[in-house]
1. Six or more apart or on different chains, Cβ under 6 Å: which pairs go from a residue in region 98-127 that's more than 20 Å from L84 (Cβ to Cβ) and part of a strand (DSSP E or B) to one that's open to solvent by less than 70 Å² (accessible area, probe 1.4 Å) and among the β-branched types (V, I, T)? Could you list them?
2. Keeping to region 81-116, report how many residues are open to solvent by 80 Å² or more (accessible area, probe 1.4 Å) and touching a helix residue (DSSP H, G or I) at 6+ places or on another chain (Cβ under 9 Å).
3. Could you list, in sequence order, all residues of region 40-67 that are under 20 Å from R30 (Cβ atoms) and either hydroxyl-bearing (S, T, Y) or open to solvent by less than 30 Å² (accessible area, probe 1.4 Å) (or both)?
4. Keeping to region 32-47, report how many residues are touching a Lys or Arg at 6+ places or on another chain (Cβ under 7 Å) and farther than 16 Å from D91 by Cα.
5. Among the residues of region 63-71, is there at least one that is within 25 Å of Q23 (Cα to Cα) and outside any helix (DSSP H, G or I)?
6. Answer with yes or no whether K54 is in contact with a Leu (Cβ under 7 Å, 6 or more places away or on another chain) and among the basic types (K, R).
Amino acid sequence: MVFEMLAAAAAATCQPNAAANRQIVSDFYREALVEKQPKAAFAKYMADDFVEHKPDIARPTRDGAADFLGGIIADIPTARWEVLRVVADGDLVALHARFTPAPGAPAYAIADFFRVKLCKIVEQYLK
């Protein structure tokens, strides 16, 4: 009941525009990967019918994607994600990050692309 009330309040204050979409994706990525809380972040920022387009994820749903990221974090707990830039154009948001799997290891560039609808992330494309 409390969650439904909070969701309704958030929806009432939702202003779907590029700036809001950029902030939603930034907040999601920070919570899910920088702070390593993927389940909480997916529950908070993803639409119920979220679709993950990364072919490595067996269940391309909100829960499947959260489980996949949780598994990466469990397998390599010293991994570090750093957001470098976030760009929004309407409902599309591109995020450029740096992923370092272990201290001293070479970093990888990551580009994630999201589509946001009514202040919830509805799709993710990883390149």
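The values are calculated or read from the model by the stated rules, or taken from the named source; none is laboratory data. Computed from a prediction, not measured in an experiment: that's the story for all the values here. Please note: Cβ atoms are built from the backbone with ideal geometry, for glycine as well, and neighbour counts cover all protein chains shown. Remember, those area values only see protein heavy atoms, side chains included, never the ligands or the DNA or RNA. Shrake-Rupley method; radii C 1.70, N 1.55, O 1.52, S 1.80 Å.
1. Cβ pairs passing all conditions: R115/V122; E123/V51.
2. 3
3. Listed by number, the residues that qualify are A41, F42, Y45, M46, A47, F50, E52, A65, A66.
4. 1
5. No, there is no match, as no residue in region 63-71 is within 25 Å of Q23 (Cα to Cα) and outside any helix (DSSP H, G or I).
6. Yes, satisfied.
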